[in-house]
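Peer 1: Below is a structure I'd like to ask you about.
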Number of protein chains: 2
Amino acid sequence: MKATVYVTLKEEVLDPQGDAVRRALRALGFEDVEGVRVGKLIEIELSAEDTAQARDELSQMCAKLLANPVIEDFRFEVG
Amino acid sequence: MKATVYVTLKEEVLDPQGDAVRRALRALGFEDVEGVRVGKLIEIELSAEDTAQARDELSQMCAKLLANPVIEDFRFEVG
């Protein structure tokens, strides 16, 4: 079973990496770019067969390791 | 207009960061985890009103800056 986890910085947290990308895009001539935020995309291959169990495990993985809940939000999709 | 860009390593490219995450998850007791790949999630706020134009610009942004087409694939969603 395949799962995809999306980790993004919370709205109120500054994102210097995103700002650097925004500046670089504008310097390349993409003047439409108003803001950029950079997050993580984590693809996980699981041997679990049960979707409910997989969702429960993923939720724990995010809370314990994949995201920092102080500054990041996460969501995930299974299957 | 909001766009989301997903950048992932190509299948044939080794992902040491993903392997480190896999090992860490297994060490935490998540023994279902068979493989992990880490990519980037880039959220872009655009002032363009025209979806077709935005898609065209995003495609160029990915090719020129956001992804390294030698080792990475990208896809994006607009709106």
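Peer 1: Ignoring ligands, DNA and RNA and using a 1.4 Å probe, state the total buried accessible area between A and B in Å², rounded to the nearest 100.
Peer 2: 2900
Peer 1: For B:S47 and A:A52, FRET efficiency with R0 = 35 Å and r from the beta-carbon atoms, rounded to 0.05?
Peer 2: 0.25
Peer 1: Mind listing, in residue-number order, the residues in the stretch A:44-67 that have at least 50 Å² less accessible area with every protein chain present than in their own chain alone (1.4 Å probe)?
Peer 2: Residues losing area: A:E45, A:S47, A:M61, A:L65.
Peer 1: Which value does Rg/Rh take for the stretch A:2-78 over its C-alpha atoms, Rh per Kirkwood?
Peer 2: So for the stretch A:2-78, dividing Rg by the Kirkwood Rh gives 1.12.
Peer 1: OK, next. Rounded to the nearest 20 debye, what is the charge dipole size of chain A about its Cα centre when +1 sits on each Lys and Arg Cβ and -1 on each Asp and Glu Cβ?
Peer 2: For chain A, the charge dipole is close to 240 debye.
Peer 1: Over chain B, average the accessible area per residue using a 1.4 Å probe and give it in Å², no decimals.
Peer 2: Dividing the accessible area of chain B by its residue count gives 54 Å².
Peer 1: Can you tell me the dipole magnitude for the protein assembly as shown around its Cα centre, using point charges on the Cβ only (Lys, Arg +1; Asp, Glu -1), in Debye to the nearest 20?
Peer 2: The dipole of the protein assembly as shown has a size of about 420 debye.
Peer 1: Can I ask one more? One decimal, nm, shortest first: give the distances between the label point of A:E34 and those of the same position in the other copies, each label point 7 Å from Cα along Cα→Cβ.
Peer 2: The answer, with the shortest distance listed first, is 4.4 nm.
Peer 1: Okay, next question. In chain A, carbon and sulfur make up what percent of the accessible area (probe 1.4 Å)?
Peer 2: 48
Peer 1: Further, regarding this structure: Taking the label point as lying 7 angstrom from Cα along the Cα-to-Cβ axis, what are the distances from B:L14 to the corresponding position in the remaining copies, in ascending order and in nanometres?
Peer 2: 3.7
Peer 1: Moving to a separate point now. What do you get for Rg/Rh over the protein assembly as shown if you use C-alpha atoms and the Kirkwood form of Rh?
Peer 2: On the Cα set of the protein assembly as shown, Rg over Rh gives 1.00.
Peer 1: Considering only protein heavy atoms, with the full assembly of protein chains and a 1.4 angstrom probe, order A:K2, B:K10 by accessible area, largest first.
Peer 2: A:K2, B:K10
Peer 1: Suppose we consider the axis relating copy A to copy B; can you name the residue of A with the nearest Cβ and state that distance in angstrom as an integer?
Peer 2: A:L41, 2
Peer 1: For every helix of n ≥ 4 consecutive DSSP H residues, a contribution of -39,500 (n - 2.57) applies; sum these over chain B, divide by its total residues, and give [θ] at 222 nm rounded to the nearest 500 deg cm²/dmol.
Peer 2: Theoretical 222 nm ellipticity from helices: -9000 deg cm²/dmol.
Peer 1: Along Cα-to-Cβ, 7 Å out, sits the label point; list in nm, shortest first, how far the one on A:I71 is from those in the other copies.
Peer 2: 2.4
The values are calculated or read from the model by the stated rules, or taken from the named source; none is laboratory data. All figures in this text were calculated on a predicted structure; none of them were measured in a lab. Backbone-built Cβ (ideal geometry, glycine too); neighbour counts: all protein chains shown. Calculation scope for accessible area: heavy atoms of the full protein, side chains included, ligands and nucleic acids excluded. Shrake-Rupley method; radii C 1.70, N 1.55, O 1.52, S 1.80 Å.
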